[in-house]
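A quick write-up on the structure given underneath.
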Amino acid sequence: MACVRLSQAHKELLAELYEKTKKTVDELPYTEEFEALYVAFIGRSGLYLTRHDLWRALTNLRKSASLKRKRRSPS
């Protein structure tokens, strides 16, 4: 599987959309919040990525410390 390379503008958009979510990156998969983030990113970026590609982009941004740190919500 090829690695998706996002432009700096797309990374900034993804970080902006992530900041509006309440969940951490690890809590997002398979939630309505992730679906909303996915739809918003696809709509605003004009790119087509799979949900998996978007998830990988989010985790890569987290690893590079490009996302604001959030606390895990209490279970």
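The values are calculated or read from the model by the stated rules, or taken from the named source; none is laboratory data. Treat the numbers as computed from the prediction; the structure is a model and nothing was measured. Positions of Cβ are generated from backbone atoms using ideal geometry, with glycine treated the same way; all protein chains shown enter the neighbour counts.
Quick notes on this one:
- Checked against the criterion of being out of contact with any Leu (no Cβ under 7 Å at 6 or more places or on another chain), of a type in the set (S, T, N, Q) and surrounded by 12 or more Cβ atoms within 10 Å (Cβ to Cβ), the candidates 7, 66, 45 yield just one match: 66.
- Members of the range 20-32 found to be modelled with pLDDT under 95, surrounded by fewer than 17 Cβ atoms within 10 Å (Cβ to Cβ) and not in a loop (DSSP other than H, G, I, E, B), listed by number: 26, 27
- Verdict on residue 31 being of a type in the set (Val, Ile, Thr) and more than 11 Å from the chain's Cα centre (by Cα): yes
- Selection of the range 33-75 for residues being in a loop (DSSP other than H, G, I, E, B) and either on the phi > 0 side of the Ramachandran plot or aliphatic (A, V, I, L, M) (or both) yields 46, 47, 49, 65, 67.
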